[in-house]
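The values are calculated or read from the model by the stated rules, or taken from the named source; none is laboratory data. This one's a predicted model, so the numbers in the text were calculated from it and none came from an experiment. Don't worry about glycine lacking a Cβ; one is built from the backbone with ideal geometry, like all the others, and counts go over all protein chains shown. What goes into the accessible areas is simple: the full protein's heavy atoms, side chains included, and nothing from ligands, DNA or RNA. Shrake-Rupley method; radii C 1.70, N 1.55, O 1.52, S 1.80 Å.
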Amino acid sequence: MKRVKVSNNVIRRLPRYLRKLDELTESGVSRVSSFELGKQLGFTPSQIRQDFSCFGEFGQQGYGYNVPALRAEIASILGMDRGFHAIMIGVGNIGRALTENFNFGEWGFHLSAAFDVRPEIIGTMFHEVPILSMDVLSQYLSEHRVDVAVLTVPKEAAVPVTKMLTENGVGAIWNFTNVELTEPNSQTLVENVHFSDSLLSLSYFVAEREDERAARAARAERL
């Protein structure tokens, strides 16, 4: 596999390819063409071939793609075979929901510990994840490998906790605080997750469809 600088749009499409390949595997499909894959995902065949060409040549002309092999290649590109270690900061509603319903291990991450400030939950286990005090976070970071911190603290704590993480060399932050975090002078990668973004994108398309219907109705009345 070759590593080249690719666009953010290509990277964002890779998980969609992965999910679709998992669906095909579950359906017993072992081979798929770029045409069929594009049809199911809403992409053109040329777009799919261009995306994959950023990382190598995975298909054969006249044969298409071997589904299990392509899935393994994409999983490797996404780092799912690296055994990354993650911690969670904040075990409130979002943190508990993530721990309970999101299988980190399935996507290549081992959630090794969670941190909180509430005495009543410190020292307990939640779905086999130990909950530790924020007071020992710096010490933990100095003694353990942490590739990603999942940030689910209240909004007011987002910036100071991020500062602590970056100062202790955490390489990446998955941010659910609804605060847009940027660290321009840091090597730490930040992925900001805003649930409203997806809903508002959907809202735009719903509004667009309603406007188109209203425009068609207005034209029909004039005829």
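ALA113's amide H: which non-local residues (gap 5+, or another chain) put their own amide H closer than 5 Å, with H modeled 1.01 Å from N in plane and none for Pro or chain starts?
Hits under the 5 Å cutoff: MET88.
Got a sec to turn the phi values of segment 80-91 into Karplus ³J(HN,Hα) couplings, 6.51 cos²θ - 1.76 cosθ + 1.60 with θ = phi - 60°, whole Hz, x for Gly and Pro?
6, 9, 8, x, 5, 10, 10, 10, 10, 10, x, 10
If you put +1 on each Lys and Arg Cβ and -1 on each Asp and Glu Cβ, how big is the dipole of segment 5-127 around its Cα centre, in Debye rounded to 20? Write out the running numbers ahead of the final one.
On the way: 13 positive and 12 negative charges, 81 e Å.
Its charge dipole is roughly 380 debye.
Considering only DSSP beta bridges with both partners in the chain, what is the antiparallel share in %, to the nearest 5? Kindly include the intermediate steps, with their values, before the conclusion.
Working: 5 of 26 bridges.
Within the chain, antiparallel bridges account for around 20 percent of the total.
Placing +1 on the Cβ of each Lys and Arg and -1 on the Cβ of each Asp and Glu in segment 5-46, which of SER30, SER46, ASN9 has its Cα farthest towards the positive end of the resulting dipole?
ASN9
If you put +1 on each Lys and Arg Cβ and -1 on each Asp and Glu Cβ, how big is the dipole of the chain around its Cα centre, in Debye rounded to 20? Don't skip to the end; give the middle numbers.
Working: 23 positive and 27 negative charges, 191 e Å.
It works out to roughly 920 debye.
Could you compute how much accessible surface TRP174 exposes when probed at 1.4 Å, giving the result in Å² to the nearest 10?
70
Return the ratio Rg/(2.2 N^0.38 Å) for the chain, where Rg is computed over Cα atoms only.
On the way: Rg = 21.9 Å, N = 223, 2.2 N^0.38 = 17.2 Å.
In units of the 2.2 N^0.38 Å rule of thumb, it is 1.28.
Under 14 Å from the Cβ of GLU36, count the other residues' Cβ atoms, weight Lys and Arg +1, Asp and Glu -1, and hand me the total. Don't skip to the answer; put the middle values down first.
Numbers: positive: LYS20, ARG31, LYS39, ARG49; negative: GLU23.
Spelling it out: positives minus negatives among the neighbours equals +3.
Over segment 164-212, what number does the Rg to Rh ratio reach, with both radii from the alpha-carbon atoms and Rh per Kirkwood?
Reported Rg/Rh, Kirkwood definition of Rh: 1.25.
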